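Notes follow the structure.
Please treat every number below as a calculation from the coordinates, not as lab data. In this text the structure is predicted, and so the values were computed from the model without any measurement. Every residue, glycine among them, receives a Cβ derived from its backbone with ideal geometry; neighbour counts consider all protein chains shown.
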Amino acid sequence: MNAAWYEKQGPARQVLVVGTLPDPEPEPGEVRIRVAASGINPGDVKKRQNAFGYGMPFPRVIPHSDGAGTIDRIGQGVARPRIGERVWCYGAQSHRAFGTAAEYVVVPSSQAVPLPDGVPFEQGACLGIPGITAHRAVHAAGPVAGRTLLVQGGAGAVGVCAVGLARLAGARVLATVRSAADAALARAAGAHEVVQYGGCSRDELIRDLRALAPGGMDHVVEVAFGANIEADCEVLANDGSIAAYATETATPAIPFWPLVFKNVRIFFLGSDDFPQAA
């Protein structure tokens, strides 16, 4: 099969190799997907660049955890009707060596999700990490129906999913975005209220959010933990919570006492593990 891979970490132009590798074969409980679209996420880039400091997890890595395509082969124990099924997949390169940047990928059958006929493969390949991260972040502290939820960065891949999932779950959803174009995306996803932070100060952002939610936010989905934690603390209600899935600095400062006095719970989460409850 044709594939892209790397055997050392660094800039893409220096380490990525495009060539041919043997076709993978599914083990028991696995399916093989003929890949039609491969989704790339920030985490894929960070793994290749060794941004997390973990080094090479395997001697050779085919990147990308998300993708979509058609099941063409199954392992022992998988129901035969799955052959020919259109699917999107997630976690292909989570704790595994070979992801979706190839003609074929093998994943556990449970991680190959049926894709409706009307949904293009390109869209299916974008669902995995953004959708799973958003779902876990929205529901990290429990049910959100009737609660006020803030999505920081509501026009990003995770943010748009979080806005939509929170709206479907019955929350009142506020979102922060950079621009008017981003505001339109967040509103289309289901945000009840949108605040643009581009060109405004931190104090102005806090003022605008407080005006929209005088009682405070019950839960915050956070994309830039280090940059926003102080503002989050300012707008959170007592007993509120934060679900942080990204930060611009690896060692952010935390306003400990203000968080303590508000009894704030903070959840740090990723998308490389897949608890059944999520």
In percent, what relative contact order does the chain have, based on Cα pairs under 8 Å that are 6 or more apart in sequence? 14 percent
A227 and A181 label points (each 7 Å along its Cα→Cβ direction) are spaced in nm at 1.7 nm
Answer with one residue from T70, L149, A37: the one whose Cα lies farthest towards the positive end of the charge dipole of the chain, charges on Cβ with Lys, Arg +1 and Asp, Glu -1. T70
Setting aside same-chain residues fewer than 8 positions from K46, which aspartates and glutamates have a Cα under 14 Å from its Cα? E248, D272
Going by amide H atoms built from the backbone, whose H comes under 5 Å of the H on M217, apart from near neighbours? L236, A237
Apply the Karplus curve 6.51 cos²θ - 1.76 cosθ + 1.60, θ = phi - 60°, to the phi angles in the stretch 51-61 and return the couplings in whole Hz, x for Gly and Pro. 5, 8, x, 8, x, 6, x, 9, x, 9, 10
Before anything else, pin down the relative contact order of the stretch 130-268: Cα pairs under 8 Å, at least 6 apart, normalised by residue count, whole percent. 21 percent
Under Karplus coefficients 6.51, -1.76 and 1.60, residue-wise ³J(HN,Hα) of the stretch 14-31 in Hz, glycine/proline x: 8, 10, 6, 10, 10, x, 10, 9, x, 5, x, 10, x, 7, x, x, 10, 10
Extended-chain gain in nm, criterion 0.36 nm per residue less alpha-carbon gap, V260 and A51: 72.2 nm
Length gained if A97 through L269 is fully extended, taking 0.36 nm per residue and subtracting the Cα-Cα distance, is 59.7 nm
Other-chain or far-sequence residues with amide H under 5 Å of Q196's (modelled H): V177
Listed residues I229, L16, G199: farthest to the positive end of the dipole of the chain (Cβ charges): L16
From the Cα trace of the chain, what convex hull volume per residue do you get, rounded to a whole Å³? 141 Å³
Amide H contacts under 5 Å for R147, placed H, 5+ residues apart: R172
The computed P(r) of the stretch 130-268 puts the percent of Cα pairs beyond 19 Å at 43 percent
Exactly which trypsin sites (Lys or Arg not before Pro) in the stretch 175-240 are in a DSSP loop and have at most 16 other Cβ atoms within 10 Å? R178
Proximal aspartates and glutamates to K262, defined as alpha-carbon separation beneath 20 angstrom and excluding residues fewer than eight positions away on the same chain: D203, D218, E222, E230, D232, E234, D239
With an 8 Å Cα cut-off and a minimum separation of 6 or more residues, compute the relative contact order for the stretch 1-156 in percent. 26 percent
To the nearest 20 debye, what is the magnitude of the charge dipole of the chain about its Cα centre, counting +1 on the Cβ of each Lys and Arg and -1 on the Cβ of each Asp and Glu? 120 debye
Spatial separation of Cα centroids for the stretch 71-133 and the stretch 147-211, in angstrom: 31 Å
Work out the P(r) tail for the stretch 2-126: percent of alpha carbon pairs separated by more than 17 Å, whole number. 53 percent
With a sphere of radius 11 Å drawn around the Cβ of G55, what net charge do the other residues whose Cβ falls strictly inside it have (Lys, Arg +1; Asp, Glu -1)? +2
Estimated 222 nm signal from helices in the chain, with DSSP H stretches of n ≥ 4 weighted -39500 (n - 2.57), rounded to 500: -7500 deg cm²/dmol
Summed side-chain charge close to A243 - residues other than A243 whose Cβ falls under 11 Å, Lys, Arg +1, Asp, Glu -1: 0
